[in-house]
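Worksheet for the structure shown next.
The values are calculated or read from the model by the stated rules, or taken from the named source; none is laboratory data. Given the structure is predicted, the values throughout are model-derived calculations rather than measurements. Methodologically, a virtual Cβ is constructed for each residue, glycine included, from the backbone with ideal geometry; neighbour enumeration extends over all protein chains shown. Heavy atoms of the whole protein, side chains included, go into the accessibility calculation; ligands, DNA and RNA do not. Shrake-Rupley method; radii C 1.70, N 1.55, O 1.52, S 1.80 Å.
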Amino acid sequence: MPLQNTSDSYGAFTKLFHWIIVILFAWQYLSGNIMTEMQRGDVVASLTQNDYYNWHKSIGLVALAIAAFRLLNRYIGRLPGWAPTLSGGEKKVIHRLEQVLYLAMFVMPISGFIYVMAGGFGVLMFGEFRLPDPIGRSETLAFIGKWVHIVSGWVLAAAVAGHLFIVLRHQLFMKDGLLLRMLPARRK
Ligand code: HEM
Ligand code: HEM
């Protein structure tokens, strides 16, 4: 499998970044919902609320770094041609959805970071070292960061649902192997 995309297939970097982000975002949704439902003193799967917050913030920032590499990889490389079974309308929807997905990969972690820094909560990376605060306390900024984080979480969830709907409709009902384009060791 080539490292970079070719004219007819995604390369190893695109596939690797895609699936790492899927796993990290699944954790972000799980931990985000668990930690906001927990009460102080609760323990879920051996982790305290504090642990969930630390891991949510730390892994969210790791996801931001991966998203930056992923975007760079997309810009320096080329994109494979469209799958031949996509209709013109689907191509337009996919194009818009991918823009939303990329935007969310940055807006989600940056808004979360602004919220916790401006709110004075800070980030204790993996429970080990405290990140410097480049923002400073601001109630207004914390409020905006929090709501952008929550609202874009819903927008991202809707975009992922649309993305999955198209992929699964093609894979399961049209049986054209669209999913295989993003799996290892396949040329198309
Ligand atoms: C990278 C992608 C990220 C995703 C997909 C994500 C997703 C979520 C979700 C789904 C929630 C639950 C929202 C709710 O209350 O309904 C949440 C909450 C939260 N996230 Fe993130 N998050 C990400 C990154 C970050 C980062 C980098 C930080 C901070 C450095 C952060 C800080 C927070 C905080 C503090 C909350 C609790 C907000 C509240 O009190 O309601 N998140 N996140
Ligand atoms: C289980 C969930 C997912 C599945 C099964 C899936 C599947 C796929 C497939 C098969 C493609 C290739 C489509 C084509 O033929 O061009 C693709 C592309 C893409 N997916 Fe997903 N996806 C999932 C979740 C996500 C998530 C959570 C994100 C972003 C947050 C995402 C972002 C993208 C993007 C941006 C592309 C375009 C290629 C690129 O620039 O990386 N996907 N996905």
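Couple of notes before you dig in:
- Among the conditions (1) outside any helix (DSSP H, G or I); (2) more than 19 Å from Gly122 (Cβ to Cβ), the only one that Ile23 does not satisfy is (1).
- Cβ separations smaller than 6 Å between residues 6+ apart or across chains give the following pairs from segment 127-140 residues that are over 23 Å from Asp51 (Cα atoms) to residues that are open to solvent by less than 100 Å² (accessible area, probe 1.4 Å) and in a helix (DSSP H, G or I): Ile135/Met117; Ile135/Ala118; Ser138/Ala118.
- Search result, residues across segment 23-48 that are under 22 Å from the mean Cα position of the chain (by Cα) and over 17 Å from Ala157 (Cα atoms): Met35, Thr36, Glu37
Listed here are the residues, each with its yes/no results for (1) within 18 Å of Met182 (Cβ to Cβ); (2) within 15 Å of ligand 1 (Cβ to nearest atom).
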residue	(1), (2)
Thr14	yes, no
Trp19	yes, no
Ile23	yes, yes
Gly32	no, yes
Gln49	no, yes
Val62	no, yes
Ile66	yes, yes
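Residue-wise test of (1) within 12 Å of ligand 1 (Cβ to nearest atom); (2) in contact with a helix residue (DSSP H, G or I) (Cβ under 8 Å, 6 or more places away or on another chain); (3) part of a helix (DSSP H, G or I).
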| residue | (1), (2), (3) |
| --- | --- |
| Glu90 | no, yes, yes |
| His95 | no, no, yes |
| Gln99 | no, no, yes |
| Met105 | yes, yes, yes |
| Val116 | yes, yes, yes |
| Gly122 | yes, yes, no |
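- Only listed residue being open to solvent by 50 Å² or more (accessible area, probe 1.4 Å), touching an Asp or Glu at 6+ places or on another chain (Cβ under 9 Å) and modelled with pLDDT of 95 or more, chosen from Thr36, Thr48: Thr48
- Residue list for segment 126-135, filter: surrounded by 12 or more Cβ atoms within 10 Å (Cβ to Cβ) and farther than 21 Å from Val107 by Cβ: Phe126
- Residue among Arg70, Arg74 that alone is surrounded by 14 or more Cβ atoms within 10 Å (Cβ to Cβ) and either within 15 Å of ligand 1 (Cβ to nearest atom) or of a type in the set (Ser, Thr, Tyr) (or both): Arg70
- When we screen Asp51, Asp8 for residues that are among the acidic types (Asp, Glu), within 30 Å of Pro84 (Cα to Cα) and in contact (Cβ under 8 Å) with a residue 24 or more places away in the chain, the only hit is Asp8.
- Annotation: of all residues in segment 136-188 being open to solvent by less than 60 Å² (accessible area, probe 1.4 Å) and of a type in the set (Ser, Thr, Tyr), the one that is nearest to the chain's Cα centre (by Cα) is Ser152.
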